[in-house]
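Notes to accompany the following structure.
The values are calculated or read from the model by the stated rules, or taken from the named source; none is laboratory data. What you see is a predicted model; the values in this text were computed from it and never measured. So basically every Cβ, Gly included, is an ideal-geometry build from the backbone, and we count neighbours across all protein chains shown. Remember, those area values only see protein heavy atoms, side chains included, never the ligands or the DNA or RNA. Shrake-Rupley method; radii C 1.70, N 1.55, O 1.52, S 1.80 Å.
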Amino acid sequence: FTKQNVEEVLAVASRMKELVAKRGGCDVLNHRIMANVFLEPSTRTASSFNAAFCRLGGKVITIQEGTSSTKKGETLQDTMRCVECYSDVLVLRHPETGAAKLAAKYVKKPLINAGDGAGEHPSQALLDMFTIFNELGHLDDIVVTMVGDLKYGRTVHSLAHLLSFYNVRLNYVAPASLQMPESVVQDMESRGIKQHKSEQLTDAILAETDVLYVTRIQQERFASQEEYLKYKGVYVIDKATVMKGKESMRVMHPLPRVGEIMEDVDELPQAAFFREMENGMYTRMAIIALVTGTAN
């Protein structure tokens, strides 16, 4: 993915936002079918892709973890090759890192990665870029502070990659054992991105932050309940925390939140996470339109 790719997606997403506001959608994908293959629980991503395809005039078939033949021992590649027979576009969410890359080797139709384990979440990163651009008006010369589970949080892995196309500074606030993977840190270094690690969300970090990107501690990624409980609740963002930052600072979260952001933040203009969710539909409409050749 290049900077040009990012900006093309953001430009089309802006058009999609206008389209939905004016007409609710269009019918460029009339009689087309998208297969939503979600082999891991999802609310927002699955619904967002579903809504995006429907807004473009198509229909969606959904395969979920509980109803998939993977329960019977079928391989992922066989599942995807079969589902491809019924659809024009494939969307895959899977608990294992690298699953989308594997599946893409076996299918000929467009396959979109909707999250692969602790690996990547590219469509989330694109909607986050669209949100930052809409909230701040630009993507250059900003400080993004990522808070929470940065080791297993696939959203921050993908977002760091896209942010590295711009002049940004990244703060990583996490317990030592949940810090950003070294592979991501080294990649950012090779791209000349300034980075700073901390175990505390200090007032000094808050004061310089333009985007406070909060992630939950992901229970499903830990080997034991005891290990999860060790970190649960280590960072809690409330109204008082937000008020220590710039008035222009924006608070984002890929959701679901599980106590990391208190509800007293919701009323603040800085709270961008529900606008972020809405932007997900426009961005995924853009991705679908681009991979199906209907963006124009």
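What the table shows:
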read-out: Candidates Ala104, Ala114 - the one that is surrounded by 23 or more Cβ atoms within 10 Å (Cβ to Cβ), among the aliphatic types (A, V, I, L, M) and at pLDDT 95 or above; value: Ala114
read-out: Complete set of residues in the range 142-162 that are touching a Pro at 6+ places or on another chain (Cβ under 8 Å) and among the basic types (Lys, Arg); value: Lys151
read-out: Output for the range 20-57, where each listed residue is of a type outside the set (Lys, Arg), touching a residue at least 40 places away in the same chain (Cβ under 8 Å) and in a helix (DSSP H, G or I); value: Val20, Thr45, Ala46, Ser48, Phe49, Ala51, Ala52, Phe53
read-out: Complete set of residues in the range 146-173 that are in contact (Cβ under 8 Å) with a residue 40 or more places away in the chain, surrounded by 23 or more Cβ atoms within 10 Å (Cβ to Cβ) and either more than 15 Å from Thr215 (Cα to Cα) or more than 16 Å from the chain's Cα centre (by Cα) (or both); value: Val173
read-out: Residues within the range 91-145 that are of a type outside the set (Gly, Ala, Ser) and under 13 Å from the mean Cα position of the chain (by Cα), tallied; value: 15
read-out: Considering residues of the range 243-262 that are touching an Asp or Glu at 6+ places or on another chain (Cβ under 9 Å) and outside any loop (DSSP other than H, G, I, E, B) only, the residue nearest to Leu139 (Cα to Cα); value: Arg250
read-out: Test: residue in the range 83-97 that is assigned to a helix (DSSP H, G or I) and either out of contact with any Lys or Arg (no Cβ under 6 Å at 6 or more places or on another chain) or not aliphatic (A, V, I, L, M) (or both); value: yes
read-out: Residue list for the range 183-203, restricted to those being outside any helix (DSSP H, G or I) and either at pLDDT below 95 or open to solvent by 50 Å² or more (accessible area, probe 1.4 Å) (or both); value: Arg191, Gly192, Lys194, Gln195, His196, Lys197, Glu199, Gln200, Thr202
